[in-house]
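Since the structure comes first, as structure tokens, the remarks are kept for the end.
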Amino acid sequence: MRRYAVSVLALFLAAAAGWGSGVPASYAQPRPDQDGTAKMAAARLATAKYATDLARAKADGYTIISPMIPNMGYHFLNPKIQGFDITKPPILVYVRKGDDWQLVAIEWVYPKKPAAPPLQGATYGSFGAACHYKDGSFVPAYTDSMCVKVHPKTGAEFAFWHPPLVTFHVWLWYPNPRGVFGEYNPLLTPFNEE
């Protein structure tokens, strides 16, 4: 009986050791190191006031700069925030269901990929040059001279133009199977129709 119990225990331990090793490679993304984990905690504390309070974000200077980008969200920019400070993100990314808004990610943009990553394991995305309008709509445009003063479809006033950008997302407020730094989040698919 003892030999049987030891065999079962050994089998159980072997199975437990392999648990989780079946994660698809496309989802196996780097995770923050110990210092990065502390920084993430600080970022959550700093942005908790915005988690379900878009009005608070707007009162603090964030304005809409994009419509709902599928599997990403609506982007709100505070143009007064510059540089990288994990506790002061220049962009807040939200999803919406009816009248309820939820913060899902924070974001930074750069004219080129940073020489040193802002956080260990950082991965980057991209956003093409575009004219942005005050209602959150945008039109791809290679130069600012291509921006018209009023959006041709929505009638919104021109807000700003930017060149191609490198993006850095941190999914602090919504799980992302592609990793905390993934560009897109497949779990946001239910929000794409909103």
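Looking at VAL104, is it surrounded by fewer than 17 Cβ atoms within 10 Å (Cβ to Cβ) and not in a loop (DSSP other than H, G, I, E, B)?
Details: surrounded by fewer than 17 Cβ atoms within 10 Å (Cβ to Cβ): no; not in a loop (DSSP other than H, G, I, E, B): yes.
So VAL104 does not fit the description; no.
Hey, any hits in the range 51-58 for a residue that's in contact (Cβ under 8 Å) with a residue 60 or more places away in the chain, more than 19 Å from PHE181 (Cβ to Cβ) and part of a loop (DSSP other than H, G, I, E, B)?
If we filter the range 51-58 for residues that are in contact (Cβ under 8 Å) with a residue 60 or more places away in the chain, which is where we start, we get 51.
Pick out the ones that are also more than 19 Å from PHE181 (Cβ to Cβ) and you get 51.
Filter again for part of a loop (DSSP other than H, G, I, E, B), leaving 51.
Checked against the condition, which is being in contact (Cβ under 8 Å) with a residue 60 or more places away in the chain, more than 19 Å from PHE181 (Cβ to Cβ) and part of a loop (DSSP other than H, G, I, E, B), the range 51-58 yields at least one hit.
Please enumerate the residues belonging to the range 115-136 that are farther than 13 Å from VAL166 by Cα and either exposed (fewer than 12 other Cβ atoms within 10 Å of the Cβ) or at pLDDT below 95 (or both).
Result: ALA116, LEU119, GLN120, GLY121.
Only one of MET68, MET40 is under 25 Å from GLU193 (Cβ atoms) and either at pLDDT below 95 or surrounded by 15 or more Cβ atoms within 10 Å (Cβ to Cβ) (or both); which? Explain how you work it out, then say what you get.
Numbers: MET40 fails: under 25 Å from GLU193 (Cβ atoms).
After ruling out the rest, the residue left standing is MET68.
Is it the case, given these coordinates, that ALA116 is among the small types (Gly, Ala, Ser), touching a residue at least 60 places away in the same chain (Cβ under 8 Å) and under 22 Å from PHE84 (Cβ atoms)?
No.
Does the range 144-156 contain at least one residue that is touching a residue at least 40 places away in the same chain (Cβ under 8 Å) and either of a type in the set (Val, Ile, Thr) or under 17 Å from ILE65 (Cα atoms) (or both)? Give the derivation first.
We begin by selecting, within the range 144-156, every residue touching a residue at least 40 places away in the same chain (Cβ under 8 Å); these are none.
No, the range 144-156 contains no residue that is touching a residue at least 40 places away in the same chain (Cβ under 8 Å) and either of a type in the set (Val, Ile, Thr) or under 17 Å from ILE65 (Cα atoms) (or both).
Return the only residue of LYS153, LYS112 being modelled with pLDDT of 95 or more, assigned to a loop (DSSP other than H, G, I, E, B), charged (D, E, K, R) and farther than 18 Å from LYS39 by Cα. Show your work before the answer.
Values: LYS153 fails: modelled with pLDDT of 95 or more.
Only one candidate passes the filter, namely LYS112.
The values are calculated or read from the model by the stated rules, or taken from the named source; none is laboratory data. The structure presented is a predicted model; accordingly, all values stated were derived computationally and were not measured. Because the Cβ atoms are built from the backbone with ideal geometry, glycine has one as well, and the counts that use them run over all protein chains shown.
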